[in-house]
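To start, the structure itself, in structure tokens.
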Amino acid sequence: MQTPPTSPEYKVSSVEGLPFLQGGMKAICFLEHKENKFVNAKTMFSKSKDDVQKAIRYGIQQWLQGVPAPKRHHGWNQSQHGGAYTNCYVFKHVAKGVRFYGCLHHPVANGRALICCVIHYAIKREDEVDTYILDDINQFLAKDEFKAALEGFWNELQSKQGDVQ
Amino acid sequence: MKKSKGKETYEKNWTESDIGNFLYYVGADFVDQLQASFDTLGITQRSFAQKLNVSEGRISQVFNDPGNLTLDTMIKWGRAAGLKTGVILYNDGDVKNVRGPLSGSIFIECWKRLGSPIEMPNTQSNFQGSFRSQYDNPRQNTPDDKAVCEMQTALVRTCSGGQATLVKRFLSKQYCNEPQSEEFYTVQ
């Protein structure tokens, strides 16, 4: 008899080197899940070469600061794909074809704040959007346990933010 | 990337743990600004390489891994794109560098919003050009002058070293009609 998956299934952790809220309004995190192979961003990020890690961290920091840099990070707006992927986001190292896909979530405690949870790593060479990946990303936001994990992460960050200031 | 400081433990920003990471950030910020100017000015990577008398591959190499850019190269490449390269020191109150460096784009955006001044913004020309039509004597301590004075005082408090001295000089000589003590302008 197989043992059921341990609860909680979803674990959310900060990105090393980018652990705090930006101006109290934006935060970045990795999703972890023991059994779901699609959830590979954290593992692959730590296995990535130094130049890729730097490029992705730089892109994330640009996002945190609200600096537009479409070659490094972007989302999808209402006019693209019928607005189906407005909660999806990607960080890129274009030259290496590296993509880190994630989703956006507004914490209940502050609807203006934004968490980006990085979920999936992929190598991409074509210009076209891998919509099947974005469809999978979207599914996470429908799961209550996932959202609960993000809310927990947000609350933890709020207390840490207080500690460092 | 955890660092202990007495009883306090905090995680450092990735640019804090290694000077190479900080250099990468500065370099990447530079190439992003350069590439953005390519789009605006219609410059191609090929024409840029030709202007610098280097191969396109060399340009790509630096764009993809900008961590080894030297100031010398930044100045040359900036000039080749018709731009000027600047270096600034600032104090954003984040002494532990928890949030990391600020993007140059933020400073550029602020500069543009001030009307892209080519000299230190002041009440007489840049900030309050429009006030001259509203007030007979712009030297008077109008509420707007006072607001600008307070803003510049705040600026002094966020600057450090030479910048603070420079702003203090402007404040004491030209703008604030109400003299302030030296302590008032001391950088905290």
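The values are calculated or read from the model by the stated rules, or taken from the named source; none is laboratory data. From a predicted model like this one, the values you see are computed outputs, not experimental measurements. Glycine also receives a Cβ, built like all others from the backbone with ideal geometry; neighbour counts cover every protein chain displayed.
Just to verify a result, which residue in region B:31-76, among those that are of a type in the set (Gly, Ala, Ser) and over 22 Å from the mean Cα position of the chain (by Cα), is farthest from the other protein chains (Cβ to nearest Cβ)?
In the first step, residues of region B:31-76 are kept if they are of a type in the set (Gly, Ala, Ser); the result is B:36-37, B:42, B:47, B:49, B:55, B:57, B:60, B:67.
Still in the running and over 22 Å from the mean Cα position of the chain (by Cα): B:42, B:47, B:49, B:55, B:57, B:60.
Details: B:42: 17, B:47: 19, B:49: 16, B:55: 16, B:57: 12, B:60: 7 Å.
By that ranking, first place goes to B:47.
Here is a list of conditions, (1) on the phi > 0 side of the Ramachandran plot; (2) of a type outside the set (Ser, Thr, Tyr); (3) touching a helix residue (DSSP H, G or I) at 6+ places or on another chain (Cβ under 8 Å), and residue A:118 meets all of them except one; can you say which number that is?
Of the numbered conditions (1) on the phi > 0 side of the Ramachandran plot; (2) of a type outside the set (Ser, Thr, Tyr); (3) touching a helix residue (DSSP H, G or I) at 6+ places or on another chain (Cβ under 8 Å), the odd one out for residue A:118 is (1).
Out of curiosity, is residue B:90 in contact with a helix residue (DSSP H, G or I) (Cβ under 9 Å, 6 or more places away or on another chain) and assigned to a helix (DSSP H, G or I)? First the steps, then the outcome.
Details: in contact with a helix residue (DSSP H, G or I) (Cβ under 9 Å, 6 or more places away or on another chain): yes; assigned to a helix (DSSP H, G or I): no.
No: the conditions fail for residue B:90.
Just checking, how many residues over region A:81-127 are polar (S, T, N, Q) and modelled with pLDDT of 95 or more? Walk me through how you get there before you give the answer.
At the first step, the residues of region A:81-127 found to be polar (S, T, N, Q) are A:86-87, A:110.
Subsequent filtering for residues that are modelled with pLDDT of 95 or more retains A:86-87.
Count: 2.
Do we have residue B:91 as farther than 20 Å from residue A:71 by Cβ and within 16 Å of the chain's Cα centre (by Cα) here? First the steps, then the outcome.
Numbers: farther than 20 Å from residue A:71 by Cβ: yes; within 16 Å of the chain's Cα centre (by Cα): yes.
Considered against the rule, which asks whether it is farther than 20 Å from residue A:71 by Cβ and within 16 Å of the chain's Cα centre (by Cα), residue B:91 comes out as yes.
Going through A:148, A:95 one at a time, which residue ends up being touching a residue at least 12 places away in the same chain (Cβ under 8 Å), among the small types (Gly, Ala, Ser) and farther than 22 Å from residue A:66 by Cβ? Lay out the reasoning, then the answer.
Working: A:95 fails: touching a residue at least 12 places away in the same chain (Cβ under 8 Å).
Going through A:148, A:95 in turn, the sole match is A:148.
Exactly one of these conditions fails for residue B:79: (1) over 25 Å from residue A:64 (Cβ atoms); (2) more than 14 Å from chain A (Cβ to nearest Cβ); (3) in contact with a Phe, Trp or Tyr (Cβ under 7 Å, 6 or more places away or on another chain). Give me its number.
Failing condition for residue B:79: (3).
All but one of (1) touching a Phe, Trp or Tyr at 6+ places or on another chain (Cβ under 7 Å); (2) surrounded by fewer than 18 Cβ atoms within 10 Å (Cβ to Cβ) hold for residue B:36; state the number of the condition that does not hold.
The failed condition is (1).
Being within 13 Å of another protein chain (Cβ to nearest Cβ) and either among the hydrophobic types (A, V, I, L, M, F, W, C) or not in a loop (DSSP other than H, G, I, E, B) (or both) is the filter here; which residues of region A:6-28 pass it?
Listed by number, the residues that qualify are A:13, A:14, A:15, A:18, A:20, A:21, A:22, A:25, A:26, A:27, A:28.
Restricting to region B:82-113, name every residue that is surrounded by 11 or more Cβ atoms within 10 Å (Cβ to Cβ) and away from every other protein chain (no Cβ under 13 Å). Break it down stepwise before answering.
Here is the first cut: in region B:82-113, the ones surrounded by 11 or more Cβ atoms within 10 Å (Cβ to Cβ) are B:83, B:85-86, B:90-92, B:94, B:96-109, B:111.
Listed by number, the residues that qualify are B:83, B:85, B:86, B:90, B:91, B:111.
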